[in-house]
Amino acid sequence: MSAAGKSWTYTAAPAAAPAGLYRSKTASGTTGWVKDSTGQVTGLTNKGGVSAPAPPLDPATAQSVEGGDQVVGQ
């Protein structure tokens, strides 16, 4: 992974659904969450260029992003 001219090595073990990356985009902003294999969720929301902790994950409205493909969250 690279950012701001720096690089880091990153590895992660595959996780089975419903673990994964989730994303929700509305007219007011974009929110992304990571749900790990133990069910822990963390995320950020960005509204107008301002980032803040994400609200709780709502799988009914989020999209899972796996390998670049977007699928409906489970």
(Q) Through the Karplus equation 6.51 cos²θ - 1.76 cosθ + 1.60, θ set to phi - 60°, convert the phi angles of segment 21-28 into ³J(HN,Hα) values in whole Hz; use x for Gly and Pro. (A) 9, 10, 9, 10, 10, 10, 4, 8
(Q) Can you list residues from other chains, or at least 5 along the same chain, whose modelled amide H is less than 5 Å from the amide H of Ala54? (A) Gly43, Leu44, Thr45
Q) How do the peptides 34-41, 45-52 rank, highest first, by the average count of neighbouring beta carbon atoms within 10 Å per residue? A) 34-41, 45-52
Q. Ser2 to Thr38: FRET efficiency via 1/(1 + (r/R0)^6), r the Cβ-Cβ distance, R0 35 Å, to the nearest 0.05?
A. 0.80
Q) What are the lysines whose alpha-carbon lies under 25 Å from the alpha-carbon of Lys47, with same-chain residues fewer than 8 places away excluded? A) Lys25, Lys35
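A short reminder: the numbers here are calculations on the coordinates, not readings from a lab. All of these numbers come straight from a predicted model, not from anything done at the bench. Glycine also receives a Cβ, built like all others from the backbone with ideal geometry; neighbour counts cover every protein chain displayed.
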